[in-house]
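The values are calculated or read from the model by the stated rules, or taken from the named source; none is laboratory data. Only a predicted model underlies this, so the values are computations on that prediction, with no experimental measurement involved. Using ideal geometry, Cβ is built from the backbone for each residue, glycine included, and neighbour counts are taken over all protein chains shown.
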């Protein structure tokens, strides 16, 4: 499973369209597996699993401390 955290957004301004303004963005090849685990754990979902027009398969959830995690297959250009 490939996982990478691409950046944290803490100042209230997200540079990634459609993503929460506070939280972290993680890229992984195991989005469906993580989505199932998050649902089973009872996490609060910010948005359900979806496919975007920019090619990401993703979801967002809030952890126990209130941080928003956007998890998807999106890979930014480096």
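Summary table below
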{"quantity": "Top-ranked residue in segment 49-62 [being without any contact (Cβ under 8 Å) to a residue 40 or more places away in the chain and touching a strand residue (DSSP E or B) at 6+ places or on another chain (Cβ under 6 Å); ranked as surrounded by the fewest Cβ atoms within 10 Å (Cβ to Cβ)]", "calculated": "51"}
{"quantity": "Matching residues in segment 17-66 - criterion: being at pLDDT below 90 and in a strand (DSSP E or B)", "calculated": "23, 24, 25, 26, 27, 28, 62"}
{"quantity": "Residue match in segment 3-12 (condition: surrounded by 11 or more Cβ atoms within 10 Å (Cβ to Cβ) and modelled with pLDDT of 80 or more)", "calculated": "no"}
